[in-house]
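Input: a single structure, listed below in structure tokens.
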Amino acid sequence: MAGALAGIKVLDCTQIIAGPLAASLLSEMGAEVVKVEPLEGEPWRLQAEIIPKESRGFLTHNRGKLGLAVDFKNPASAPIREALLGWADVLLTNYRPDAAESLGLTYEHASKVNPRIIACDVTAFGQKGPDAARRGYDLIAQAMSGLTHSNPNIVDGLPMQIAFAPSDVVTGTALAWAIAAALYHRGRTGEGQSISVSL
């Protein structure tokens, strides 16, 4: 039986957990997802490998996807990028704001190629503000939000991180939900959208 998102095409240019999880959830609802990685593969492949360049975490958050390796930093890849943007209903990225712009993977650029596209970016601290350009991971979000401090597991007098990466998981789940709403809106109006989430 076809899923609710059968026929929807997702270009997943994300790494680690939050973005890949969102794309996997869309895949589970029937979307066709193409995961784009750098030529050497994304770093999460190396996190506790079970076989060379394959980790349990990578496999878990990238299930149900097709894979493609492209060096978007190479100007010669521009025609490939443009073709993928024209193909996609949804674009997912999780770069720093300046990196997405240099790669031509912002909503502003993507919507010129494909006005109906729903472009989603995941950042650690948002697109604007004093920390916008900073890199960040779940552990940093846990610490800065006070979540780590609320954890009753104390080792050597220090609170321990919550192991299931709650900032990443909640962000990825919320993003998939927001994309489903944006697709519904587009079905009624024909309009694409820009969605931005942060850890």
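The values are calculated or read from the model by the stated rules, or taken from the named source; none is laboratory data. Everything numeric here is computed off the predicted structure, so don't read it as measured data. Note that each Cβ is placed from the backbone with ideal geometry, even for glycine, and that neighbours are counted across all protein chains shown. Areas reflect the complete protein model, heavy atoms only, side chains present, ligands, DNA and RNA absent. Shrake-Rupley method; radii C 1.70, N 1.55, O 1.52, S 1.80 Å.
Are there any helices (runs of 4 or more DSSP H) wholly within the stretch 1-88 with 1 or more residues that are modelled with pLDDT of 95 or more and open to solvent by 70 Å² or more (accessible area, probe 1.4 Å), and if so which?
Because the criterion is at least 1 residues that are modelled with pLDDT of 95 or more and open to solvent by 70 Å² or more (accessible area, probe 1.4 Å), the helices (runs of 4 or more DSSP H) in the stretch 1-88 that meet it are 18-28, 78-87.
Given (1) in contact with a Ser or Thr (Cβ under 8 Å, 6 or more places away or on another chain); (2) farther than 19 Å from Ser27 by Cβ; (3) part of a helix (DSSP H, G or I), identify the lone condition not met by His149.
Among (1) in contact with a Ser or Thr (Cβ under 8 Å, 6 or more places away or on another chain); (2) farther than 19 Å from Ser27 by Cβ; (3) part of a helix (DSSP H, G or I), the lone unmet condition for His149 is (1).
Answer yes or no as to whether Leu92 is closer than 22 Å to Ser198 by Cα, at pLDDT 95 or above, in contact with a helix residue (DSSP H, G or I) (Cβ under 7 Å, 6 or more places away or on another chain) and in a helix (DSSP H, G or I).
No, not satisfied.
Name the pairs whose Cβ atoms lie under 9 Å apart, with the first residue in the stretch 108-135 and at positive phi, the second part of a loop (DSSP other than H, G, I, E, B), and 6 or more positions between them or separate chains?
Listed pairs, sorted by first residue: Gly126/Ala132.
Residues checked against (1) in a loop (DSSP other than H, G, I, E, B); (2) under 24 Å from Lys9 (Cα atoms); (3) more than 13 Å from the chain's Cα centre (by Cα):
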site: Glu101; (1), (2), (3): no, yes, yes
site: Leu105; (1), (2), (3): yes, yes, no
site: His109; (1), (2), (3): no, yes, yes
site: Ala132; (1), (2), (3): yes, no, yes
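For the stretch 162-179, which positions are part of a helix (DSSP H, G or I) and surrounded by fewer than 19 Cβ atoms within 10 Å (Cβ to Cβ)? Break it down stepwise before answering.
Residues of the stretch 162-179 that are part of a helix (DSSP H, G or I), as a first pass: 166-179.
Matches in the stretch 162-179: Pro166, Val169, Val170, Thr173, Ala174, Trp177, Ala178.
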